[in-house]
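Written below as structure tokens is the structure these notes are about.
Values in this text are rule-based calculations from the coordinates and carry no lab data. Worth saying up front: this structure is predicted, and the values here are computed from it rather than measured. Virtual Cβ from ideal backbone geometry, glycine too; neighbours counted across all protein chains shown.
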Amino acid sequence: MSNIHKEIQKRILVLDGAMGTMLQAYKFSEEDFRGERFKEYPTSLKGNNDLLSLTQPTAIKEVHAAYFAAGADIIETNTFSGTTIAMADYQMEDLVYELNYESARIAKEVADEFTVKEPHKPRFVAGSIGPTNRTASMSPDVNDPGYRAVTFDELRVAYKLQVEALLDGGSDLLLVETVFDTLNAKAALFAIEEVKAERKIEVPVMLSGTITDASGRTLSGQTAEAFLISVSHIPLLSVGFNCALGANLLQPHLEAIASKTEFAISAHPNAGLPNAFGEYDETAEEMADQIEEYLKKDLINIIGGCCGTTPEHIAAIAELATKYQPRKCK
């Protein structure tokens, strides 16, 4: 099997763009989300994008293939909400293993097809592990600051199930992403280390935080540098940031960590900031122009897109990436 550690030395690797943005274009109805299997399901299922790996697998394959065709080296599985904690919203906790397994299997199938066609450019599948919809560091109740909606151990157990299914389905690496609370991320990383130890395997792990606003901090209050320091005891393939901000606003935070770590650096920013309708207007060219500043400053090893990005954005970024050398890891 191709080794991502070797590939990351050779070139800047390109991550895919947004899954949700692409799926919205299909305009799936409640019936489409349900398919035959979940026709009589007691809860509303529209919006449960992870479920589409079971009910609309062809669409998921098409999205993955579009990103690979645009030049992506790594695609993310359709599992951003693939934990029992997040799936509780749809009463689908029992489906978590299957959702993750099938999402990884679909992604791996498409990756293998492209690797066979272009053996000089091996393709990889990153098992996407989202932050869940709860935070372990802060209370959701202003009147009870000591209250927590979830514990570290509950998160660890939930993440462990997801990790096992993603690996069983064929993921080449794991991406703990959109981290707004480092304690949640530590539970995910702990679960990954547990699985690695139990299975006696090594798995490359990407970790990507999210700076939530102009304060330059994560939601749980850490600066970019503090975030890096608090996770540096784990053997990571890469550390970086995604979501929340456009490429230009993300740059200072990448600069803050790039000179302070031996890990590779990743970034997958949004296509700018959302407009009044929650849509992203930044064109592929506009985004690529901003990302070129990262590459000129030697900040990046893995680059891709988050909310609002499409294969068009990834194609522009991929073309740009071929013109620059990857950041040198110490």
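Name the trypsin sites (Lys or Arg not before Pro) in the range 237-300 that are in a loop by DSSP and that have at most 16 other C-beta atoms within 10 Å, would you?
On the way: sites: K260, K296, K297; in loops: K260, K297.
Filter output for the range 237-300: K260, K297.
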Quick one: Karplus J couplings for the range 51-58, per residue in order, coefficients 6.51, -1.76, 1.60, θ = phi - 60°, nearest Hz, x for Gly and Pro? 5, 5, 5, 9, 9, 9, x, 5
When the chain is modelled as a GNM with alpha-carbon springs shorter than 10 Å, which of V125, V110, V239 fluctuates the most? V110
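Consider all pairwise Cα distances in the chain and report the whole-number % of them above 37 Å. Write down the numbers at each step before the final one.
Values: 5409 of 54285 pairs.
Across the chain, Cα pairs with separations above 37 Å total 10 percent.
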Order of 204-213, 301-310 by packing, highest average Cβ count within 10 Å first? 301-310, 204-213
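Can you give the calculated 222 nm mean residue ellipticity of the chain, where each DSSP H run of n ≥ 4 adds -39,500 (n - 2.57) and the sum is split over every residue, rounded to the nearest 500 deg cm²/dmol?
Working: 13 runs with 140 residues, N = 330.
Rounded to the nearest 500, the figure is -13000 deg cm²/dmol.
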Mean separation of Cα pairs under 8 Å and 6+ residues apart, divided by the residue count of the chain: what relative contact order is that in percent? 20 percent
Compute a Gaussian network model of the chain, connecting alpha carbons closer than 10 Å, and tell me which residue from G272, G246, G47 fluctuates the most. G47
DSSP-defined antiparallel bridges as percent of all bridges, the chain, nearest 5: 5 percent
Which GluC sites (Glu not before Pro) from the range 10-67 combine a DSSP loop assignment with at most 16 other Cβ atoms within 10 Å? E36, E40
With 10 angstrom as the radius, rank L99, L236, L249 by how many other C-beta atoms surround their C-beta, starting from the fewest. L249, L236, L99
Whole-Hz Karplus couplings 3J(HN,Hα) for the range 92-99, θ = phi - 60° and coefficients 6.51, -1.76, 1.60, Gly and Pro as x, run 10, 4, 5, 8, 4, 4, 5, 4
Selection from H233, T115, S128, by position along the positive dipole direction of the chain (Cβ): H233
Taking R0 as 35 Å, what FRET efficiency do you get between E62 and Q9 from their Cβ-Cβ distance, rounded to the nearest 0.05? 0.65
Segment T151-E198, extension gain: residue separation times 0.36 nm, minus the distance between their alpha carbons: 14.6 nm
Go through the range 175-258 and name the GluC sites (Glu not before Pro) that are in a DSSP coil and have 12 or fewer other Cβ atoms within 10 Å of their Cβ. E202
In a GNM of the chain with a 10 Å cut-off on Cα contacts, which of F180, F227, F277 has the highest mean-square fluctuation? F277
